[in-house]
Amino acid sequence: MDNITKTNLPILFERFSEVFAEQKDALIALDSKVGDSDLGLTMAKGFAAATAAVSALEDASVETQLKTAGVAIARAAPSTMGTLMATGFMRGSAAVKDCEMLGTVQLADFWVAFRDGVAQRGRVQVGDKTVVDVLHPIAETMIKQAESGAALTEALHIAYASASEALEATKDLVAQHGKAAAFQEKTRGIQDAGSTVAVILIKAMADFVSEL
Amino acid sequence: MKKFLNNPENFVDEMLEGIYLAHPEVTNVANDLRCFVRTEPVKGKVGLVTGGGSGHLPLFLGYVGDNMLDGAGVGGVFQSPSSEQILEVTKYVDQGAGVLYLYGNYSGDLINFDMAGELADFDGIKTATVVGCDDVASSVVGEEHKRRGVAGIFFLYKAAGAAAAQMKSLDEVARIAEKASVRTRTIGVALSPCIVPEIGKPSFNIGEDEMEIGMGIHGENGITRKKMAAADDVVDEMMALILAEQSYETESDVAVLINGLGATPLEELYVIYRRTAQVLKQAGANIRHVFIGEFATSMEMAGASISVLKLDDELEPLIAAGANTPFFKHIKF
C-alpha cells in the first residue's frame with residue numbers, strides 16, 4: 001500500500017524518534033560549530049515526545065495525529081528549531097484536514113504548508129542558510145511529483161534526493177539568522193545544522209513508505 | 001569575574017526566588033518559577049504579557065503590577081522564554097478579554113510568542129501582538145520593523161497598561177501600544193561589556209578609553225566605536241540620531257527616559273539628562289514627563305540610553321497615570 005494512513009502514522013513517528021536518537025551526537029557536533037550545540041538534544045527530545053503523544057491517541061484522524069505531534073514537540077523542545085518543527089507539523093496538519101490517508105498529493109500539500117509555516121514563523125527566506133533551504137526543494141519537488149501523478153514511494157525518494165542536494169548547497173551560503181548569524185562569513189563551507197534535520201525527516205519518511 | 005553567584009546555572013531561578021520572597025503581589029504558575037504573574041488578576045481586563053531573556057532587570061518582569069503588565073515569561077540570561085511558558089502565563093492572565101503580547105523585537109522571542117499565540121488560540125484565548133522596535137541604531141528609516149526593542153518599551157508598557165486598566169478592548173489596547181511604539185525612539189551608548197554568568201567572561205571587548213554608540217543591550221554591534229568624549233558631546237551625537245527621525249516643532253509634548261545599563265551611576269544619568277533637556281528644548285520640544293534610572297539594563301554593562309516618546313492627547317494621560325509594580329512606582333500628579 002503506497003499511502004500513509006491513520007493506522008500506520010504512529011509507526012512513522014516511532015521511526016522519526018529512532019532516527020533522531022541515532023543522529024543525536026552527529027547533530028550536536030554539527031551545531032556546535034556555529035550554534036549552541038543543543039540541536040541534537042532538542043530534536044531527540046521533541047520527537048520522542050511526539051511519538052509518545054501520538055501513540056497515546058485512540059483512533060485519531062491523520063490531522064489530529066500530526067497536530068498532536070506538533071504541540072508535543074513545542075512543549076518538549078522549546079528551542080528555536082523545536083518551535084519551528086512544531087509549527088511545521090501544526091501547519092502541515094491543517095493542510096491535510098479531513099484526509100483519510102496521505103498520498104503524493106496530500107503530502108505535497110503537507111510539505112508546502114510545513115515550509116510556509118516555518119518560513120513565516122522564523123521570518124526567513126530561501127538562501128538565508130536555514131532549514132527552509134531544504135524544506136523549499138522538498139515542497140517544490142512534491143508538487144511536481146503530485147502533478148505528474150507519481151506514486152508516493154517514488155515521489156518521496158525524489159524529494160529526498162533534491163533535499164540532499166540542497167543540503168550540500170547550504171555549505172556555500174552565509175548564515176543570516178540565529179546564533180550562527182554572529183559568525184557570518186565563518187559559516188561558509190559548513191553544512192547547515194537545521195537543514196540537516198529536514199533531510200533526516202524526508203529520508204525517514206521515504207524509507208518508511210518504501211517498507212509499507 | 002567578580003559576581004554574587006552560587007552555581008551560575010541557578011542564577012535566574014535564585015533571582016526569581018528572591019523576587020517572590022520580597023514581593024507577594026507577584027507569583028508563579030504551572031509549577032515553573034519562570035511563569036511570572038500578578039497574584040490577583042483583574043476580572044474582565046485585557047491581559048498584558050511580556051517576556052524575554054533575564055539580565056535586564058527591571059525589564060521585563062519588573063513591570064508586572066497595577067496599571068502595567070499582568071505576566072511575563074522569564075528566559076535564561078539573554079535567552080527567550082519557551083512558548084510553553086508563555087502559554088501558561090497567557091492562560092492564567094486571560095480574564096475573558098484576551099491577551100496582548102508586548103515584547104522586544106528579537107527573533108527567539110518572536111518565534112516563541114507567535115507559537116504561544118497559536119497554542120492559546122487552540123484553547124480559545126484571543127491574543128494580539130505589538131513589539132517594541134525603538135533602537136534607531138539597529139536599522140535604517142523605512143526598515144523600522146527590523147529594529148531591536150530596548151528601553152523605550154517602558155513607554156509601551158506604561159501606555160498599554162494604563163489603557164487596559166481603563167477596561168479598553170484588546171483591539172484598543174493593541175492600537176495604543178502600537179501608536180506608542182511608532183512614536184518612540186531610543187539610542188544607547190556602551191562603555192564596558194557585560195558578563196553572562198554561565199559564560200563567565202565578557203561578551204565583547206572595548207578599550208578603556210572607548211565608547212560604542214548604538215550598541216544593543218546584549219552587546220550587538222552599534223553604529224560607531226570611538227574615543228570617549230565629554231558627556232555633552234556624547235549626548236549631542238546621540239540626540240542627533242533621534243532628531244534626524246522625529247521633529248519636535250514648537251510645543252511638541254514629549255516624555256523622556258534616561259536609562260542606565262547597569263554600571264553607570266545615577267549622577268551621570270542626570271548629567272546626561274541635563275544636556276538631553278537642553279537639546280530637546282532647543283528643538284522645540286515641551287518635556288512633559290521625565291523618567292531617570294535603571295529601566296532596561298544589560299547586567300553590569302556601563303552606559304546609558306536616551307528614549308523619547310512624542311506624545312499626543314491620547315498618550316499623555318496614559319503616561320501620566322499612576323502605576324505600582326515591584327520595580328516601578330509612579331504617583332499620578
*Within the range A:13-105, helices (runs of 4 or more DSSP H) holding 3 or more residues that are within 13 Å of another protein chain (Cβ to nearest Cβ) and either under 26 Å from B:Asp114 (Cβ atoms) or within 13 Å of the chain's Cα centre (by Cα) (or both)*: A:39-55, A:62-76, A:80-95
*Hey, could you check the range B:78-98 for residues that are over 17 Å from B:Gly132 (Cβ atoms) and among the aliphatic types (A, V, I, L, M) and say which is farthest from the other protein chains (Cβ to nearest Cβ)?*
B:Ala97
*Only one of these conditions is not met by B:Ser192: (1) of a type in the set (S, T, N, Q); (2) in contact (Cβ under 8 Å) with a residue 60 or more places away in the chain; (3) within 26 Å of B:Ile331 (Cα to Cα). Which number is it?*
(3)
*Tell me which residues, restricted to the range B:67-87, are within 21 Å of B:Thr325 (Cα to Cα) and surrounded by fewer than 24 Cβ atoms within 10 Å (Cβ to Cβ).*
B:Asn67
*Failed condition for A:Glu22, given (1) modelled with pLDDT of 90 or more; (2) acidic (Asp, Glu); (3) under 26 Å from A:Gly149 (Cβ atoms), with all others met?*
(3)
*Inside the range B:207-244, can you point out the residues that are in contact (Cβ under 8 Å) with a residue 24 or more places away in the chain and part of a helix (DSSP H, G or I)?*
B:Ala231, B:Asp232, B:Val234, B:Val235, B:Asp236, B:Glu237, B:Met238, B:Met239, B:Leu241, B:Ile242, B:Leu243
*Please work out which one of (1) modelled with pLDDT of 95 or more; (2) more than 19 Å from the chain's Cα centre (by Cα); (3) under 27 Å from B:Ala283 (Cα atoms); (4) among the small types (Gly, Ala, Ser) is the condition B:Ser247 fails and give its number.*
(1)
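Each row is one residue, and each column tells you yes or no for (1) β-branched (Val, Ile, Thr); (2) crowded, with 24+ Cβ neighbours inside 10 Å.
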residue: B:Lys126; (1), (2): no, no
residue: B:Val131; (1), (2): yes, no
residue: B:Glu143; (1), (2): no, no
residue: B:Leu156; (1), (2): no, yes
residue: B:Ala165; (1), (2): no, no
residue: B:Ser169; (1), (2): no, no
*Considering only the range B:39-122, give the strands (runs of 3 or more DSSP E) lying wholly within it that have at least 1 residues that are over 20 Å from B:Asp171 (Cα atoms) and among the aliphatic types (A, V, I, L, M).*
B:71-77
*Specify the residue that is surrounded by the fewest Cβ atoms within 10 Å (Cβ to Cβ); the eligible residues are those in the range A:107-145 that are basic (Lys, Arg) and in contact with a helix residue (DSSP H, G or I) (Cβ under 6 Å, 6 or more places away or on another chain).*
A:Arg121
*Given the conditions (1) among the aliphatic types (A, V, I, L, M); (2) over 18 Å from B:Met115 (Cα atoms); (3) within 14 Å of chain B (Cβ to nearest Cβ), and given that A:Ala113 satisfies all but one, which numbered condition is not satisfied?*
(2)
*asked:* Quick test of your reading of the structure: B:Thr27 fulfils all but one of (1) assigned to a strand (DSSP E or B); (2) buried (at least 19 other Cβ atoms within 10 Å of the Cβ); (3) away from every other protein chain (no Cβ under 14 Å). Name the failing condition by number.
replied: (2)
*Here are B:Ile217, B:Ile199, B:Ile176: which of them is closer than 27 Å to B:Tyr103 by Cα and in the same structural domain as B:Arg147 (by TED's automatic domain parsing)?*
B:Ile176
_Looking only at the range A:106-134, and only at residues there that are assigned to a helix (DSSP H, G or I) and among the β-branched types (Val, Ile, Thr), the one that is nearest to A:Ala53 (Cα to Cα)_ = A:Val118
*Quick check, is A:Ala159 surrounded by 23 or more Cβ atoms within 10 Å (Cβ to Cβ), within 14 Å of chain B (Cβ to nearest Cβ) and either touching a Phe, Trp or Tyr at 6+ places or on another chain (Cβ under 9 Å) or charged (D, E, K, R) (or both)?*
no
*Report, by residue number, each residue of the range B:108-160 that is in contact (Cβ under 8 Å) with a residue 60 or more places away in the chain, away from chain A (no Cβ under 14 Å) and among the hydroxyl-bearing types (Ser, Thr, Tyr).*
B:Tyr157
_If a residue must be crowded, with 22+ Cβ neighbours inside 10 Å, modelled with pLDDT under 95 and not in a loop (DSSP other than H, G, I, E, B), how many such residues does the range B:171-206 contain?_
0
*On the given criteria, is A:Ala175 in a loop (DSSP other than H, G, I, E, B) and modelled with pLDDT under 95?*
yes
*Extreme residue, modelled with the lowest pLDDT, among residues of the range B:123-142 that are part of a helix (DSSP H, G or I) and small (Gly, Ala, Ser)*: B:Ser138
_Single condition B:Leu119 does not satisfy, out of (1) at pLDDT 95 or above; (2) on the phi < 0 side of the Ramachandran plot_ = (1)
*Filter pass, A:Asp172 being over 25 Å from A:Thr5 (Cα atoms) and in contact with a helix residue (DSSP H, G or I) (Cβ under 8 Å, 6 or more places away or on another chain)*: no
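The values are calculated or read from the model by the stated rules, or taken from the named source; none is laboratory data. The shown structure was predicted, so the numbers you read here are calculated from the model rather than taken from an experiment. Neighbour counts are summed over all protein chains in view; Cβ atoms, including those assigned to glycine, are modelled from backbone coordinates with ideal geometry.
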